[in-house]
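Participant: Dropping a structure here in structure tokens format, bear with me for questions.
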Amino acid sequence: MRLLLIGPPGSGKGTQAVHLAEHYGIAHISSGDLLRRHVAENTTIGRTVAARIHRGDLVPDSIVMDILRKPVEAATRDGGYILDGFPRTVEQAETAYRVAERLGAEVRIAVYLTAARPELIRRLLARGAQTGRTDDTEHVIGHRLDVFDNAATPLLDYYRKRETLITIDGDRPEAEVTQAAITHLDRARRDLGLPEHRRTPAPVAADDTKLTATVAMPGHPTPHAARSRQNTGGGPVPPQRPAGW
């Protein structure tokens, strides 16, 4: 299984990526974590991107692609990955798709976590107070959210047309968000004919009709927010794809 996790800063991407990676037994790859590690280790890449990260600006595509290639290739050979934090623009998405297409390993499902701006700011300020992250100050947070908002609509339209796009309400309690994502990912995986890939049992929901999400399939109209019992649509079983980016 190869997934993208999209969402504004503070939407819980990193937290949910860890839960989903653990549930499905696949790797969690965070472009932000990799970049911050380069900064902390004062590598050439780290020195190049440090000022951009501090301001909350996007890092050049070529640098992000460079640091992601090896971990993504290794994770794909191992069974799959959840990619968190990249791509953030349509240009980045198109670049990543061209590389993946040449290797026959295109991402099939994208998950979009939503949350209200005041809640995002509250979470990020709390995280900044706990961790001391330099990009979790009020001024930088506002800029980062603006950067995301400017790129979000075309990026989501791109994935809605090319992949299966699942939208999850990230304002809700952490465990409920995780369960909603698992419920809809499992359904989308079955609809796409993707193989089962799980190392741990699925958590049990007392009432999965409460798990609200929106699922858009390529070639199908985008539905309104729907209960998790909604039929998400189907598609032909895709051919087996070799491992790769």
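All of the numbers you see were taken from the coordinates with simple rules; none came from a lab. Predicted, not measured: the structure shown is a model, and the values here were computed from it. Note: ideal-geometry Cβ built from the backbone for every residue, glycine included; neighbour counts use all protein chains shown.
Participant: Report the charge-dipole magnitude of the range 2-216 in Debye, nearest 20, computed about the Cα centre from +1 at each Lys and Arg Cβ and -1 at each Asp and Glu Cβ.
Facilitator: Working: 30 positive and 30 negative charges, 68 e Å.
So the magnitude is around 320 debye.
Participant: Residue by residue through the range 68-77, which ³J(HN,Hα) values in whole Hz follow from phi under the Karplus form 6.51 cos²θ - 1.76 cosθ + 1.60 (θ = phi - 60°), with glycine and proline marked x?
Facilitator: Result, rounded to whole Hz: 8, 3, 5, x, 5, 4, 5, 5, 5, 5.
Participant: OK, next. Can you find, among L145, L5, Y97, the residue sitting farthest towards the positive end of the charge dipole of the range 2-216, where Lys and Arg contribute +1 and Asp and Glu -1 at Cβ?
Facilitator: Positive-most Cα among the choices belongs to Y97.
Participant: Roughly speaking, what is the centre-to-centre gap between the range 46-82 and the range 20-34 when only Cα atoms are used, to the nearest Å?
Facilitator: Using only Cα atoms to place each centre, the spacing works out to 13 Å.
Participant: In debye, nearest 20: dipole of the range 1-92 around its Cα centre with unit charges on the Cβ of K, R (+) and D, E (-)?
Facilitator: On the way: 11 positive and 10 negative charges, 30 e Å.
Computed charge dipole of the range 1-92: roughly 140 debye.
Participant: Under the rule of at least 5 residues apart or a separate chain, name every residue whose amide H is placed under 5 Å from the amide H of G80.
Facilitator: A27
Participant: Hey, rough spin-label estimate for K70 and A51, points 7 angstrom out along Cα→Cβ, what's it come to in nanometres?
Facilitator: Spacing of the two 7 Å Cα→Cβ label points: 2.7 nm.
Participant: Can you work out ³J(HN,Hα) from phi for every residue in the range 140-148, in order, using Karplus 6.51 cos²θ - 1.76 cosθ + 1.60 and θ = phi - 60°, giving whole Hz and x for Gly and Pro?
Facilitator: 5, 4, x, 5, 4, 5, 5, 4, 5
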